[in-house]
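The values are calculated or read from the model by the stated rules, or taken from the named source; none is laboratory data. Just so you know, these numbers come straight off a predicted model, no measurement behind them. Cβ sites come from the backbone with ideal geometry, for glycine too, and all protein chains shown count toward neighbours.
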Amino acid sequence: MDIKVSGQSAYVYNGGKKLDISTVDRQPVVVFIHGAQQDHSCWSLQSRWFAHHGFSVLVPDLPGHGRSAGDPLPSVEALAEWIVALLDTLGVDQATLIGHSMGSLVALEVAVRFPERVSKTVLIGSSLPMPVSQALLDAARDDEPKAAEMINTWSYSASGQIGGNTVPGLWLLGMNRRLMERQKPGVFHVDMNACNAYVRAPDSLSSIAAPLLIVAGSQDRMTSPKAAKALLGFIPGARLVSIDGSGHALMAERPDAVLDALRNFVAAA
Amino acid sequence: MSYKFDTLSLHAGQVPDSQYGARAQPIYLTSSFVFKDAEQAASLFNMERGGHVYSRISNPTNAVFEERMAALEGGVGGIAVASGQAAMHLAITTLMGAGGHIVASRSLYGGSHNLLEYTLPRFGITTTFVDPRDIDAWKNAIRPETRLFFGETLGNPGLDVLDIPRVAALAHEHGLPLLVDSTFTTPWLLKPFDHGADLVFHSATKFLSGHGTVIGGVVVDSGAFDWSASGKFPTLAEPYHGFHDMVFTEESTVAAFLLRARREGLRDFGACLSPLSAFQILQGLETLPLRMARHIDNTRKVVAHLASLVGGAVQAVVHPDLPEHPDHELAKRLLPRGSSSVFTFNLSGGRPAGRKFIEALKVFSHLANVGDAKSLVIHPASTTHFRMSDEALVAAGIHPGTIRLSVGLEDPDDLIEDLNRGLAAAARA
């Protein structure tokens, strides 16, 4: 669906289901938040399951990304406010937020600052802080193809670099390269900066009361399993699911394992 | 860094099987796949999980071939099909229906020409053929209903080098994709996506296999073309009633073409590849870099030898390596590793010389194929084009004494000796 959020045109994929703007909140709502230099399509498989199993699914292209208009927002805090504005626009009081990488920081920020809007939170491929190397920041600013190559090298496990995709015939490294190329010039650096600059005191996470799940790839070189464990320690009652053999691009590399983790956590009573 | 070409040609798409650890790619010679439970079955049909249902739509052995070709071409994915012709048909019918129009190079393989000139018009899809070197001709042929540009990386029979950067740029200016037949060059010689092409197909029967044992084809999508922005592709950017009203460009930003081609094209037209054939093509792909290097090396020697005979038994040699070829400079730019091991030369005599030449050869096999490990030869005026008069042949760019060679992997000295034997026989005709 195409809607206006804060006066600006935004595209929201609904998991392959027709969603009526006026009745989004008649079912439990799940929001999927993509990572840096991505769009909604990174959630295709998982979001389709939820859309076809009794959930209203909102998978926005964040501002400036994919089909959504405007400039990319400069900070995780601003993105969190935009997610709340999206919920407001659609009359949704409370939703489950599922974020990947930069999107996981956005979900985390909403969970801390707007706890009344969040029923459950899932952080996939996450760490706090989420430092970005100077080399990648520079490449994202000066040489986007080089930055995309760096991301592709670091985002996939050793076996992911060879392939063997569960979705027949698709070459994941090629898919990710083209998806990154599709984003408007300048988005890459803004996103990388937003990840790198995000600061939140670990103490402040203790206020999160809604159930929270962390999903980590055992071979993630962008947000390491160690970082996922540290994050787990900051959030009382949080759970961790480790996905064996996956790098940072978890939804692409291990789509079924990610879906199973999400189902068990989100769809469970 | 990501893995390089030679490594990908051996490994891309294939991890050792999880049950037995087989290092070679297993052949999943099965029509269908048992569902784990009703829930998983529903998830597969609804594209909530990846996997295989029925081998007409997808198969694990074929999927390795598809992924490997996408990796070698630098695309987002591929679809294996029954032949190169099936690949071309799948690409076209995924993009357009009746009323659609194609602008194509006139320098095409005869089978492709037949499909475009005679067969597709019966289904309402028409083609305007243009001189591939005349960029204004491409431009002037565009109509409101044009949906595709099409050419071969090296055209038939004169090895015209398609100026992919220029033709792709023109196509993109008009919101159109460029499809290329890359059979003659393979991604080892030329990666069309690096130069702006949007879709590539191959007859995998030729160099990709290299052994001349199977018929197969593959379409690869670069993932770079924005089908929504173009506004000309309702099959991809509007709801498809034949698959739950799916809007393919919304489902997948970069692989919409492949989604539709598999979910409609393979499902309904059904030109699927046998997993056994996919396995055999994969066996060939493993040595593609080694074979192509040898093909090119042998060809250089054969071309140099024949070129040295021009003015005597040989009237002309047509190969982009030669400075007199009209695309010599373009070939140096687009095909730095070499152009092709398939090329033509003209005997100084006419049809009778051609027949004598062919009959005298002992190493070159007389048959209608190219890209085999073994060297191949054909004399168009006495075989594929035998009904045409000498005048009609010349109009089609073929001399009555034209010989087409596909240089294989034999010792080049044996090939040259064989050609000399043929030339001596031709001189006596």
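Observations, loosely collected:
- Residue tally, condition within 11 Å of chain A (Cβ to nearest Cβ), touching a helix residue (DSSP H, G or I) at 6+ places or on another chain (Cβ under 8 Å), part of a loop (DSSP other than H, G, I, E, B) and among the hydrophobic types (A, V, I, L, M, F, W, C), over the stretch B:1-53: 4
- Cβ-Cβ under 7 Å pairs, at least 6 apart or on other chains, the stretch B:238-261 side under 22 Å from A:SER68 (Cβ atoms), far side basic (Lys, Arg): B:PHE248/B:ARG260; B:THR253/A:ARG182; B:VAL254/A:ARG178; B:VAL254/A:ARG182
- The residues of the stretch A:204-232 that are without any contact (Cβ under 8 Å) to a residue 24 or more places away in the chain and under 21 Å from A:SER119 (Cα atoms) amount to a single one, A:LEU232.
- The selection criterion, being among the aliphatic types (A, V, I, L, M) and away from chain A (no Cβ under 11 Å), does not hold for B:ALA63.
- Selected residue (criterion: farthest from the chain's Cα centre (by Cα)) from residues of the stretch B:236-270 that are buried (at least 17 other Cβ atoms within 10 Å of the Cβ) and away from chain A (no Cβ under 12 Å): B:LEU236
- Filtered residues of the stretch B:127-171 (kept if among the hydroxyl-bearing types (Ser, Thr, Tyr) and either in contact with a helix residue (DSSP H, G or I) (Cβ under 6 Å, 6 or more places away or on another chain) or surrounded by 23 or more Cβ atoms within 10 Å (Cβ to Cβ) (or both)): B:THR127, B:THR128, B:THR153
Conditions tested, residue by residue: (1) surrounded by fewer than 24 Cβ atoms within 10 Å (Cβ to Cβ); (2) away from chain A (no Cβ under 14 Å); (3) under 14 Å from the mean Cα position of the chain (by Cα).
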site	(1), (2), (3)
B:GLY78	no, no, yes
B:LEU90	no, no, yes
B:GLY97	yes, yes, no
B:VAL103	no, yes, no
B:ARG106	yes, yes, no
B:ASN114	yes, yes, no
B:THR119	yes, yes, no
B:ARG122	yes, yes, no
B:ILE125	yes, yes, no
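- The single residue among B:THR128, B:THR146, B:THR153, B:THR183 that is of a type in the set (Ser, Thr, Tyr), within 20 Å of B:GLU329 (Cβ to Cβ) and touching a strand residue (DSSP E or B) at 6+ places or on another chain (Cβ under 9 Å) turns out to be B:THR153.
- Selection over the stretch A:47-69 of residues that are over 18 Å from B:SER228 (Cβ atoms) and touching a strand residue (DSSP E or B) at 6+ places or on another chain (Cβ under 7 Å) gives a count of 8.
- Any hit, the stretch A:207-216, residues being away from chain B (no Cβ under 14 Å) and assigned to a helix (DSSP H, G or I): yes
- Of all residue pairs spaced 6 or more apart or on separate chains, those with beta-carbon atoms under 6 Å, a first member in the stretch A:170-189 that is at the interface with another protein chain (Cβ under 7 Å from one of its Cβ atoms) and a second member that is assigned to a helix (DSSP H, G or I) are A:TRP171/B:GLU67; A:TRP171/B:ALA70; A:TRP171/B:ALA71; A:LEU173/A:ASN152; A:GLY174/B:ALA70.
- Only a single criterion out of (1) at the interface with another protein chain (Cβ under 10 Å from one of its Cβ atoms); (2) surrounded by 18 or more Cβ atoms within 10 Å (Cβ to Cβ) is not satisfied by A:THR153, namely (2).
- Just one of the listed residues (B:ASP297, B:ASP321, B:ASP268) is touching a residue at least 40 places away in the same chain (Cβ under 8 Å) and either of a type outside the set (Val, Ile, Thr) or part of a helix (DSSP H, G or I) (or both), and it is B:ASP297.
- Scanning the stretch B:334-352 for residues that are in a helix (DSSP H, G or I) and at pLDDT below 95 gives B:ARG351, B:PRO352.
- Helices (runs of 4 or more DSSP H) wholly inside the stretch A:19-128 containing at least 2 residues that are under 19 Å from A:ILE208 (Cα atoms), hydrophobic (A, V, I, L, M, F, W, C) and modelled with pLDDT of 95 or more: A:76-89, A:102-113
- Candidate set: the stretch A:50-65, residues that are surrounded by fewer than 24 Cβ atoms within 10 Å (Cβ to Cβ) and within 14 Å of chain B (Cβ to nearest Cβ); chosen: the one nearest to A:ILE21 (Cα to Cα): A:PHE55
- Candidates B:ALA331, B:ALA316, B:ALA307: the one that is outside any helix (DSSP H, G or I), among the aliphatic types (A, V, I, L, M) and out of contact with any helix residue (DSSP H, G or I) (no Cβ under 8 Å at 6 or more places or on another chain) is B:ALA316.
- Of the residues making up the stretch B:217-235, those that are in contact (Cβ under 8 Å) with a residue 60 or more places away in the chain and within 14 Å of chain A (Cβ to nearest Cβ) are B:GLY217, B:VAL218, B:VAL219, B:VAL220, B:ASP221, B:SER222, B:GLY223.
- Selection status of B:ARG56, touching a Cys at 6+ places or on another chain (Cβ under 9 Å) and more than 8 Å from every other protein chain (Cβ to nearest Cβ): yes
- Close Cβ contacts (under 6 Å, 6 or more residues apart or on different chains) running from residues in the stretch A:142-157 that are in contact (Cβ under 8 Å) with a residue 60 or more places away in the chain to residues that are surrounded by fewer than 17 Cβ atoms within 10 Å (Cβ to Cβ) comprise A:TRP154/A:ARG221; A:SER157/A:GLY245.
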